[in-house]
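Down below is the structure, laid out as structure tokens.
Every number here is computed from the coordinates shown, using simple stated rules; none is lab data. Remember, it's a predicted structure, so these values are computed and weren't measured experimentally. Note that we place each Cβ from the backbone using ideal geometry, even for glycine, and neighbour counts take in every protein chain shown.
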Amino acid sequence: MRDFSADHRWLSINTATVRRSQGQDLPLPRILDLCAARGIGAVSPWRDQVQAAGLQATARQLRELGLSLSGYCRGGMFPAADAAGLQAAHEDNLRALEEAVTLGAPCLVLVVGGLPGALAGRAAHKDIAGARAQVHEGIARLLEPARAAGMPLAIEPLHPMYAADRACINTLAQALDVCDALDPARSGALGVAVDVYHVWWDPQLQAQIARAGRERLLAFHVCDWLTPTRDLLNDRGMMGDGVIDIPRIRGWVEAQGYAGYSEVEIFSTQDWWLRDAAEVLDTCIARHRSAV
């Protein structure tokens, strides 16, 4: 297992972590400048932030600052109530793929979606098995364009509390079942993003990480689970402030040969987004050394 205590060369910042600073939206160009100034070598930007800053301008700034990517957030959201919705989702995923290629991302992270309409508060139906079938079909349809573009797809299982509205793939086993069905040769075109916030509770986690192996482990995300959690979406903790044994999980991942970035992804309306972004980034660096 790598020693992170002396430096932060393997730290990446998911740009959601500092999308707000002292309660105000922070533009992506400023986020990138702050990261580079601190010797942070990689980021994972969100599509809305890239759109606001401009795709080509973002790609140029990344090159100029010497920043790598640990992933691109995000594709997915496959299920829909009708054929038109399914086609719209596919076309949006093709755009996400093109953006990821332009930015030089190592993978496109997929948050697969849940029951159609649930995210807006009005689920079209209660057929979660049907939604999962649409996810399978959507990934299958996206896989060949992704393979042709040389852009691996990373399925991110989300905690079961998000099964209805954000992701009906909720365990690493479910994600790997899709990978095994669609890419049995383990070509590297399809794998998983392991976010400790979503999977830390799973009694099968170590076994499923071993099942994934190096070929399927495309991204590793860290933050912490607070007790109590005040908001199920936007109260993630800084590493070391909660109950997740992050070093143990990283050890399992690295035992399979993963040697990429540990990507900090924190949504925090009541704490970290109220602080100055510079303080947040400095804390990420310190906690990456001591708690990851």
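If R0 is taken as 22 Å, the Cβ-Cβ distance between Arg289 and Arg211 corresponds to a FRET efficiency of 0.15. If the segment from Arg186 to Ala120 were pulled out straight at 0.36 nm per residue, it would be longer than the present Cα-Cα gap by 20.2 nm. With each label modelled as a point 7 angstrom along the Cα→C-beta vector, the Gln270-Asp33 pair spans 3.3 nm. Charge dipole of the range 11-290 (Cα centre as origin; +1 on each Lys and Arg Cβ, -1 on each Asp and Glu Cβ, all else neutral): 260 debye, rounded to the nearest 20. Using 0.36 nm per residue and subtracting the Cα-Cα separation, the extra length available between Thr229 and Ala149 on full extension is 24.8 nm. Placing unit charges on each Cβ (+1 for Lys and Arg, -1 for Asp and Glu) gives the chain a dipole about its Cα centre, and among Val43, Gly237, Ile155 the Cα reaching farthest toward its positive end belongs to Val43. By the count of neighbouring beta-carbon atoms within 10 Å, fewest first, Glu156, Glu99, Glu279, Glu215 end up ordered Glu279, Glu215, Glu99, Glu156.
For the peptides 88-95, 185-192, the ranking by packing is 185-192, 88-95, with the highest mean count of neighbouring Cβ atoms within 10 Å listed first.
Considering only alpha-carbon pairs that sit under 8 angstrom and 6 or more positions apart, the relative contact order computed for the chain is 21 percent. Mean separation of Cα pairs under 8 Å and 6 or more residues apart, divided by the residue count, gives the range 161-292 a relative contact order of 22 percent.
Placing a label point 7 Å from the Cα of Arg2 along the Cα-to-Cβ direction, the residues of the range 54-86 with a backbone N closer than 20 Å are 66-73. When both the range 250-288 and the range 148-209 are represented by their alpha-carbon centers, they are found 20 Å apart.
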